[in-house]
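The values are calculated or read from the model by the stated rules, or taken from the named source; none is laboratory data. All values reported here derive from a predicted model rather than from experimental measurement. Don't worry about glycine lacking a Cβ; one is built from the backbone with ideal geometry, like all the others, and counts go over all protein chains shown.
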Amino acid sequence: MAKEYTEQLELFEDKSSKEGPVTCLGMTFESDEARRSYFTEELRKKLPELREIEGFPIGEDEDILALSDPPYYTACPNPFINDFINVWENEKKELNEGYEEEYHRQPFAADVSEGKNDPIYTAHSYHTKVPHKAIMRYILHYTNPGDIVLDAFSGTGMTGVAAQFCEDKKYIESLGINVLENDDIVDGEGAVSSKVGKRNSILYDLSPLATHISSTFNSSINLNEFQRYALKLIEDVNQKYGWMYLTNHTLENKTSINLGSEVVKGEINYVVWSEVFICPNCQEEVIFWDVAVDLENENVKDSFYCKKCNSNLTKDNMDRAFEVKFDELSKKTYKQVKRVPILINYSVGSKRYEKRPDQDDLKLISTIEEFQTDIFYPTNNLINGDEIGRLSALGIEYTFQFMSRRNNIIIGELLNQIKKSKFSKIGLFLLTASIPNLTWMYRWRANKKGGTTSGTYYICSTPQENNPLNQVSRKLMDIMKALNNGRVPVISTQSSSNLNIKKNSVDYIFTDPPFGANLMYSELNYLWESWLNLYTNNEREAIVNRFQGKKLDNYKELMRDCFENMYYVLKPGRWMTVAFSNSQASVWNAIQESIENAGFIIANVAALDKKQLSFKALTTTTAVKQDLVISAYKPSEQMFIEIKEGSNNEISVWSFIRNHLQQLPIFIGSKGNAELIVERTPRVLFDRMIAYYVRNGYSVPISSAEFQSGVVQRFPVRDGMVFLENQVAEYDKKRILAKEFVQMSLYVSDENSAIEWLRQQLMKKPQTRQDLHPNFMKELQHISKYEKLPELDTLLEQNFLKYDGIGPVPSQIHAYLSTNFKDLRELSKEDPKLQQKAKDRWYVPDPNKQADLEKLREKSLLREFNSYVEEIGKSKKKLKQFRLEAIRAGFKKAWGEKDYKTIVEVGGKIPENVLQEDDKLLMYYDNAQIRLGM
């Protein structure tokens, strides 16, 4: 069976690792195996103390040691990480010969688009992955050769793979990145932005499966030798158990009914099985395939008819049939949904055939069910959980029920042989990579495009049982194309809420954390980990999970602990990139709040397009179509000291703004367009300052109106964005070349977004209330039910100015009219014709007048807030409708007056989802609770 693959052995170049002396952590060993033996014993000694660390996996010492490759990878907390950091720091000093340039980077603001078709991406399935090519762009932007990169939620180790390739000039150039002969990397304008060279990586994950995959992707392995071993192993197992996947074939008519025909053996590629249901009317068994599958039209019917009583049926109005079975290895009796084999796809030579199972095929299946063996395959009970619990409806209680018995036996035999070989690590990688296609979760489809559904335990009514030796052979070829023998990262299996890394030692963090209830990682990994005999300790798993009793607040607390650890180990002034994918605003705010509560300052949010969407993103209306990428930095020590020392006066505010502006992108645009940088707008700058002060327990020494007035007096403003003096010239130069200025697109959901929508409209075209009203009303379809949105007239009066036709026409209106009306060009601002055309048009006030409007608006909002406080004092009922902006303004004032009690009382009277989904309210509410000791 595997002979056809033997011929492909020479297709791959020899990537074999060199045998001989190796140096590791300052010690020299005669071979890599000697290195591993030494550090395995060192790890064994440390296991008792390591078991006290959060996230230590569930399993026996010998299983942990067998899976580990110390000191690089440990299937438990890695005690050697700080030793590596010391070595890398010394190497970096030698690399720079005592010279280290002053570090400064703006956030990587470009949107990144990288597909999933790379062999590395497809070699081993996992629930989520960020393509390593995308991560490379971030690492190259934020780091220098010799720097240390951390991924605290590393999954399958794509950050480690990306760090490896930063040393490969040709690979970098293949991404379209411009590299000079001296290895300098330059941007589109020819400025040096980075340099080719090694980056060291540290990878953490809670799951032993994830770190096992990560370790193999980043290991030095003699691939050709392993390939020869694996093909020989597959052939040997085929000789022993290949009979389990043979069927009869007659040369004339494809059946064995004609006894006069010559019968030969065909090799089964796959068998399609069908669930059996019970007709609710006649109580007869209904084979789903026979009544619902339409092969001619390649579809499966939603409704169909019972063959006996002709009742109209659907899956929803039928019960499944169950049968009692017995597992020979575990000696367990169990009851599960009844399935029958319905279609066999097999090969004779190079030709494929299909047939309905005959009596010999059914007898073979019965023989396998009763086959006596002591080969290990997992027989443990399933854990309980939100995702895995869906299997109980099918009667699945044990891990062996995920596969047919013959698949369990064959994979068990491969596992038994692999564990005894020197290729146990990559061999396990090969098996775990193959397993998803060997379970009942593999779906047969009428269009022949079968597959599994990632991120869930879903078994359809027509599962496909694949030949495991074929699947393992094909996966072997995938792996040979994907693995490389690059630099080995340091990998640890534990919770990221306790990293055990020394302070200020990491140069950059890229991480893709779990997001709320999106994926139940420990549950989804359970089947894989059953074969490894090592399980995730999910006590500190950062998810929202009903069975684990983890709500959004628990998730937020766990994420905060993790980000605090990341903040602790990151060097001051350095960056963290967080990839985010969740459609819920409450989870988005929980992540942002956790990042900011840890001490980071968010500087930019961009898009990461993985090109091929997941199953959930394609079929779920609430799924996020693109990942978002948060860029946040750890304040420099100078910035931290300046703000702390002057936290009670206005000087510290401008110190914060100057430091923050230095970290923001100066220009974002493409194809002749200049884009609004939201983080540079006065309103967002004010919010960032408020957030930093509140989360550090400082009083806010300035009002919104004072900030609006002060910011334009101290800093240049362009297109509604604030810049430093040394930044504005660069912006002006690039802005002149842009044909169009692009505002961010948004829809109106509350008062704040309504104001921003009006600002966009009036920036493009100063217009009258009558012009604005029809379009404004169209935008109101998304208004939240709790939001008490002011009338359009109120929004205009409190946030914008109207020209009354008297005096010079304001510059903004004059510029618009003279550009768009030929007869108004070259007229003075006091020309009656121009004044008449400009009369009653609303426009965006210049920054000097904005402060007066802010004062007016704030007074109105506080009057509204005080009415809520009075209402709450008279009634115990929750507020049903309110102005969200009024609550925000009231919370800000109460915080400044240290009236934490009012914040908590009002916060308790607004709907929980409103509080969780608004980052500003949540910030004040959580911190007020802390001040009150709640």
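For the reader, a short list of remarks on this structure follows.
Conditions (1) part of a helix (DSSP H, G or I); (2) farther than 22 Å from GLY160 by Cα; (3) modelled with pLDDT of 85 or more, marked per residue:
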site: GLU10; (1), (2), (3): yes, yes, no
site: SER16; (1), (2), (3): no, no, no
site: GLY20; (1), (2), (3): no, yes, no
site: THR28; (1), (2), (3): no, yes, yes
site: GLU54; (1), (2), (3): no, yes, yes
site: ASN78; (1), (2), (3): no, no, yes
site: VAL87; (1), (2), (3): yes, no, yes
site: LYS92; (1), (2), (3): yes, no, yes
site: GLU101; (1), (2), (3): no, yes, no
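- Search result, residues across the range 35-79 that are over 22 Å from LEU499 (Cα atoms) and loosely packed, with under 15 Cβ neighbours inside 10 Å: SER37, GLU41, GLU60, GLU62
- If only residues of the range 533-552 that are crowded, with 20+ Cβ neighbours inside 10 Å and touching a helix residue (DSSP H, G or I) at 6+ places or on another chain (Cβ under 6 Å) are counted, the one that is farthest from ILE213 (Cα to Cα) is VAL544.
- Selection count where residues are over 29 Å from HIS249 (Cβ atoms) and touching a Lys or Arg at 6+ places or on another chain (Cβ under 6 Å), scope the range 278-297: 2
- With a requirement of 2 or more residues that are more than 24 Å from the chain's Cα centre (by Cα) and assigned by TED's automatic domain parsing to the domain that holds ASN437, the helices (runs of 4 or more DSSP H) lying completely within the range 467-552 that satisfy it span 468-482.
- Count of the range 178-197 residues which are farther than 16 Å from TYR103 by Cβ and among the polar types (S, T, N, Q): 2
- Among the conditions (1) within 30 Å of GLY242 (Cα to Cα); (2) assigned to a loop (DSSP other than H, G, I, E, B); (3) free of Cβ contacts under 8 Å to residues at least 60 places away in the same chain, the only one that LEU329 does not satisfy is (3).
- Yes/no for LYS855 being within 13 Å of SER704 (Cα to Cα) and either touching a residue at least 40 places away in the same chain (Cβ under 8 Å) or exposed (fewer than 15 other Cβ atoms within 10 Å of the Cβ) (or both): yes
- Helices (runs of 4 or more DSSP H) within the range 738-831 that include 2 or more residues polar (S, T, N, Q) and touching a helix residue (DSSP H, G or I) at 6+ places or on another chain (Cβ under 7 Å): 751-764, 792-799
- Out of LEU834, LEU827, LEU817, LEU884, sole residue that is surrounded by 15 or more Cβ atoms within 10 Å (Cβ to Cβ) and in the same structural domain as LEU921 (by TED's automatic domain parsing): LEU884
Yes/no matrix, rows are residues, columns are (1) at pLDDT 90 or above; (2) out of contact with any strand residue (DSSP E or B) (no Cβ under 9 Å at 6 or more places or on another chain); (3) outside the structural domain of ARG390 (by TED's automatic domain parsing); (4) not polar (S, T, N, Q):
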site: GLY260; (1), (2), (3), (4): no, yes, no, yes
site: ASN269; (1), (2), (3), (4): yes, no, no, no
site: ILE287; (1), (2), (3), (4): yes, no, no, yes
site: TYR334; (1), (2), (3), (4): yes, no, no, yes
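- The listed residue being hydrophobic (A, V, I, L, M, F, W, C) and in contact with a strand residue (DSSP E or B) (Cβ under 8 Å, 6 or more places away or on another chain), out of LEU394, LEU415: LEU394
- The residue of the range 858-874 that is nearest to ILE910 (Cα to Cα), among those that are among the acidic types (Asp, Glu) and crowded, with 16+ Cβ neighbours inside 10 Å, is GLU864.
- Among all residues of the range 407-420, there is none that is within 29 Å of the chain's Cα centre (by Cα), crowded, with 16+ Cβ neighbours inside 10 Å and either polar (S, T, N, Q) or assigned by TED's automatic domain parsing to the domain that holds TRP243 (or both).
- Condition check for GLY188: part of a loop (DSSP other than H, G, I, E, B), in contact with a Gly (Cβ under 9 Å, 6 or more places away or on another chain) and assigned by TED's automatic domain parsing to the domain that holds THR159: no
- Identity of the residue in the range 103-132, among the basic types (Lys, Arg) and under 15 Å from the mean Cα position of the chain (by Cα), that ends up modelled with the highest pLDDT: LYS129
- For the residues ILE666, ILE690, ILE657, ILE641, the requirement of being hydrophobic (A, V, I, L, M, F, W, C) and either assigned by TED's automatic domain parsing to the domain that holds ASN927 or not in a helix (DSSP H, G or I) (or both) singles out ILE666.
- Here LYS893 does not fit the description of being without any contact (Cβ under 8 Å) to a residue 40 or more places away in the chain and either in a loop (DSSP other than H, G, I, E, B) or touching a strand residue (DSSP E or B) at 6+ places or on another chain (Cβ under 7 Å) (or both).
Residue-by-condition table, conditions (1) of a type in the set (Val, Ile, Thr); (2) touching a residue at least 12 places away in the same chain (Cβ under 8 Å); (3) within 30 Å of SER37 (Cα to Cα); (4) not in a helix (DSSP H, G or I):
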position	(1), (2), (3), (4)
LEU364	no, yes, no, no
GLY385	no, yes, no, yes
LEU391	no, yes, no, no
ILE418	yes, yes, yes, no
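- Residue-level check: of (1) part of a loop (DSSP other than H, G, I, E, B); (2) within 27 Å of LEU762 (Cα to Cα), LYS849 misses just (1).
- Whichever residue in the range 338-362 is free of Cβ contacts under 8 Å to residues at least 12 places away in the same chain and assigned to a loop (DSSP other than H, G, I, E, B) and, among such residues, is nearest to ASN518 (Cα to Cα): SER350
- The set of residues in the range 298-326 being hydrophobic (A, V, I, L, M, F, W, C), farther than 17 Å from SER392 by Cα and either touching a residue at least 60 places away in the same chain (Cβ under 8 Å) or exposed (fewer than 15 other Cβ atoms within 10 Å of the Cβ) (or both) consists of VAL300, CYS309, PHE326.
- Scan of the range 694-733 for residues that are of a type in the set (Gly, Ala, Ser) and exposed (fewer than 15 other Cβ atoms within 10 Å of the Cβ), ordered by number: GLY697, SER699, ALA729
- Residue in the range 748-756 that is farther than 30 Å from ASN775 by Cβ and surrounded by fewer than 20 Cβ atoms within 10 Å (Cβ to Cβ) present: no
- Odd one out for LEU861, checked against (1) assigned to a loop (DSSP other than H, G, I, E, B); (2) on the phi < 0 side of the Ramachandran plot: (1)
- Check on GLU679, touching a residue at least 60 places away in the same chain (Cβ under 8 Å), within 30 Å of ASP899 (Cα to Cα), charged (D, E, K, R) and crowded, with 21+ Cβ neighbours inside 10 Å: yes
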